[in-house]
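J.: Just dropping this structure here.
Values in this text are rule-based calculations from the coordinates and carry no lab data. Since we're looking at a predicted model, the values are computed, not measured. No Cβ is skipped: glycine too gets one built from the backbone with ideal geometry, and neighbour counts run over all protein chains shown.
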Amino acid sequence: MSDRARQFLEDQEILLSNDKLREIRDRLRAAMQAGLARDGQTVRMIPAYVPPCRGDAEREVIALDAGGTNVRAALVRLRPGQEPEVVDVHKAALPGANGDAVDRETFFDRLAELVDQLPWQGRPIGFVFSYPTRILPDRDGILLRWTKEVRASGVEGTRVGEGLADALERRDGTRPTNITVLNDTVAALAAASTRVSGTGGAIGLIVGTGTNMAYFEQAEAITKLGEGADGPAQQAINMESGNFDGVPRTSYDAALDEACGDPGHQAMEKMVSGRYLGEVARRVVRGAVGKGVLSGDVGRAVSEPWSLLAADLSALVETPARLQGVLTAVPEAEVATLREVVGAVVTRSARVVAAGLAAVLDHLGLAAAPVAIVAEGTLFWQMPGYGAIVETTLDTLAPPLGSDPRFLVLHIDDANLVGAAVAAVS
Ligand code: BGC
């Protein structure tokens, strides 16, 4: 890296040392304990009422996956001893995302429209709803608050499974009776049960439009549920780690937070995930222009807020670099320095993700090793080099035990859809 770029990135505290990452890991571990003990903590640690699944049912299930950008519905065939088969996938933009604003009825009507293209009558529905949602023992869930800049009024504080059932009944005259609402991280965990068995623990990790983690917890460790509470001996915990606020914030992060629809929330997510990463990078690039590390031509190319997208960053950090979106206006002579500055923002994201995983690995303890990390999300799998940075950093923060690895990273095709199906019949 050029000296000027390095100096700038150091001065602005974009580069995080391994010692800083260890501090972040330890803070998150403490926040996890607080969330298991009490409601209303920064890291919510939401019980999902999904036990470790056996994944050996023989059923056809409808899976609906409402993510941060898109919504997909599919029929999933589960058969003992065979790979789940995802057939007949229908996809649309998520209502309320991408600058669109909708009301509650429109939101659920659009989801129902997608589900109604499948033979859902008489089949269980696994509904992946990737937002902080309190799960109820009857497997419905109440949305606590929107994240990822989604704007759909009247949904917060209401039951989302019921919203979908009402909308299907409005369309079809029939009401579905078996809907399981689950987080995408929990779906990733459930999908893992179709691949790994044995005593090793598992973590569901999402690094896409948003970021979050889930893992299986012992009932007695979830002390906020009280002694003798109903529920399985082990159940998935949706951490909602995107709201963790223990990562040191730069002035760029603070300014971005102010410009969001939900200032003061999702501090870690806003430094890490795809919905925000382009804008973080854009602000840091503008800072580099201000310090003379990049020229005014670069500053002008990225003058418009939210104009730089995670996909544009991916193209730039690729080898050889490609310029797309607003970056096509960047002069050739500055591409190398721009790449260093943007690369540092991307690297910070991946290293913070590793610190988060290290906290969960420490929490699970050595007996659970090796832990299967089921990773999902466009940033993790499509940003060049991203997964490798997460893995090498995690190796440093949670070193192998002799020749035994502490973790292994898994990719499962259509993890959300498969996991939704498995959880819906577990
Ligand atoms: C949501 C989580 C979700 C994550 C990844 C966050 O914004 O709060 O519930 O798991 O995004 O999709």
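J.: Which whole-Hz ³J(HN,Hα) couplings does the range 7-16 yield from phi under the Karplus relation 6.51 cos²θ - 1.76 cosθ + 1.60, θ = phi - 60°, glycine and proline marked x?
T.: 4, 4, 5, 5, 4, 8, 6, 7, 7, 10
J.: I would also like to ask the following. If you place +1 on the Cβ of every Lys and Arg, -1 on the Cβ of every Asp and Glu, and leave all else neutral, what size is the dipole of the chain about its Cα centre, to the nearest 20 Debye?
T.: Rounded to the nearest 20 debye, it is 360 debye.
J.: Could you tell me, in Å, what Rg and Dmax come out for the Cα atoms of the range 386-426?
T.: In Å, with Rg to one decimal and Dmax whole: 14.7, 39.
J.: Quick check on the exposure proxy: order LYS291, LYS270, LYS20 from fewest to most C-beta atoms within 10 angstrom.
T.: LYS291, LYS20, LYS270
J.: Ok, one more. Would you please state which residues of the range 123-146 a label at TRP306 would reach in this model, taking the label point 7 Å out along Cα→Cβ and a backbone N cut-off of under 16 Å?
T.: Label zone hits: 146.
J.: Let me ask another. Which is farthest toward the positive dipole end of the chain among ALA34, GLN234, LEU338, measuring Cα position about the Cα centre, with Cβ charges +1 (Lys, Arg) and -1 (Asp, Glu)?
T.: Result: LEU338, furthest along the dipole toward the positive end.
J.: What translational diffusion coefficient, in µm²/s and rounded to a whole number, does the Stokes-Einstein relation yield for the range 96-192 at 20 °C and a viscosity of 1.002 mPa s, taking the hydrodynamic radius as the Kirkwood radius over Cα pairs?
T.: My calculation gives 155 µm²/s for D.
J.: Return ILE412, ILE179 ranked ascending by Cβ neighbour count within 10 Å, so the fewest neighbours appear first.
T.: Fewest-to-most Cβ neighbours within 10 Å comes out as ILE412, ILE179.
J.: For the range 252-268, in order, what is each residue's ³J(HN,Hα) by Karplus, 6.51 cos²θ - 1.76 cosθ + 1.60 with θ = phi - 60°, in whole Hz (x at glycine and Pro)?
T.: 5, 5, 5, 5, 4, 4, 4, 8, 8, x, 9, x, x, 10, 6, 4, 5
J.: Show me 231-239, 98-106 ranked by packing, highest mean number of other Cβ atoms within 10 Å first.
T.: Ranked from most to least packed, the peptides come out as 231-239, 98-106.
J.: In a shell of Cβ-Cβ distance under 11 Å around PRO263, excluding PRO263 itself, what net charge do Lys and Arg (+1) and Asp and Glu (-1) give?
T.: Net local charge, PRO263 excluded: -2.
J.: Would you work out which of LEU323, THR133, PHE108 lies farthest towards the positive end of the dipole of the chain, given +1 charges on the beta-carbon of Lys and Arg and -1 on that of Asp and Glu, about the Cα centre?
T.: Going by the charge dipole, the pick is LEU323.
J.: Hey, quick one: spin label on GLU85, modelled 7 Å out along Cα-Cβ, who in the range 392-426 has an amide N within reach, i.e. under 13 Å?
T.: Taking a point 7 Å out along Cα→Cβ of GLU85, no residue of the range 392-426 has its backbone N under 13 Å.
J.: Distances longer than 23 Å among the Cα atoms of the range 262-381: what percent of all pairs is that?
T.: 37
J.: Tell me the angle of helix 160-172 to the major Cα principal axis of the chain, expressed in degrees between 0 and 90 and rounded to the nearest ten.
T.: That works out to roughly 70 degrees.
J.: Lys and Arg at +1, Asp and Glu at -1: add these up for the other residues within a Cβ distance under 9 Å of LEU144 and post the number.
T.: Around LEU144, the surrounding residues sum to +1.
J.: Moving on to the next point. Mind listing the long-range amide H neighbours of LEU182? Cut-off is under 5 Å, sequence gap 5 or more, other chains count too, H placed in the peptide plane at 1.01 Å from N.
T.: Residues meeting the amide H criterion: PHE127, VAL128, PHE129.
J.: At 222 nm, what value in deg cm²/dmol follows for the chain if DSSP H runs of at least 4 each add -39500 (n - 2.57) and the sum is divided by all its residues, to the nearest 500?
T.: Here the helix-only value at 222 nm equals -12000 deg cm²/dmol.
J.: When the Kirkwood hydrodynamic radius is evaluated over all pairs of different C-alpha atoms of the range 328-424, what value in angstrom, to one decimal, is obtained?
T.: One decimal place: 15.4 Å for the Kirkwood radius.
J.: Average the reciprocal distances over every distinct pair of alpha-carbons in the chain, invert the result, and give the Kirkwood radius in Å.
T.: So the Kirkwood estimate lands at 22.1 Å.
J.: How high is the FRET efficiency between LYS20 and GLU318 when r is their beta carbon distance and R₀ equals 35 Å, given to the nearest 0.05?
T.: Computed FRET efficiency for LYS20 and GLU318: 0.80.
J.: Is the range 1-107 rounded, prolate or oblate when judged by the Cα gyration tensor, a ≥ b ≥ c being the square roots of its eigenvalues, rounded requiring a/c under 1.5 and prolate requiring a/b larger than b/c?
T.: The shape class here is prolate.
J.: Provide, in order from the shortest bin, the percent of all Cα-Cα pairs of the range 195-350 in each 10 Å bin, continuing until the bin that contains the maximum pair distance.
T.: Pair shares across the bins are 10, 33, 26, 16, 10, 5, 0.
J.: Now, a different point. List the residues, sorted by chain then number, that are 5 or more residues from VAL371 or on another chain and whose placed amide H is less than 5 Å from its amide H.
T.: Counting only residues 5 or more places away or on other chains, the set is PHE407, LEU408.
J.: Grab the eigenvalues of the alpha-carbon gyration tensor for the range 35-83, scale each by 5, take roots, and send me the semi-axes largest first in whole angstrom.
T.: Each semi-axis is √(5λ); the values are 30, 18, 7 Å.
J.: Taking θ = phi - 60°, what integer Hz values does the Karplus form 6.51 cos²θ - 1.76 cosθ + 1.60 yield along the range 333-348, in sequence order, with x for Gly and Pro?
T.: 5, 9, 4, 4, 5, 4, 5, 5, 5, 5, x, 5, 5, 5, 5, 4
J.: Hey, quick one: spin label on LEU408, modelled 7 Å out along Cα-Cβ, who in the range 202-238 has an amide N within reach, i.e. under 14 Å?
T.: So the set is 202-203.
J.: Hey, another quick one. When the Cα atoms of the range 288-331 are enclosed in a convex hull and the volume is divided per residue, what value in Å³ results?
T.: Dividing the Cα hull volume of the range 288-331 by its residues yields 75 Å³.
J.: While we're here: Based on alpha-carbon centroids, what's the gap between the range 364-426 and the range 35-111 in Å, whole number please?
T.: Distance between centres, Cα-based: 19 Å.
J.: How far apart, in nanometres, would the label points at SER251 and GLU227 be if each is projected 7 angstrom from Cα along the Cα-to-Cβ direction?
T.: Placing both labels 7 Å along Cα→Cβ, they lie 5.5 nm apart.
J.: Using amide H atoms built 1.01 Å from N in the peptide plane, name the residues 5+ places from GLY141, or on other chains, whose amide H lies under 5 Å from its own.
T.: LEU136, VAL160, GLY161, GLU162
J.: Between SER153 and GLN218, what is the label-to-label distance in nm when each label sits 7 Å out along the Cα-to-Cβ direction?
T.: Simple spin-label model gives 4.9 nm for this pair.
J.: Near GLU340, within a Cβ-to-Cβ distance under 10 Å, what is the net charge of the other residues, with Lys and Arg +1 and Asp and Glu -1?
T.: +3
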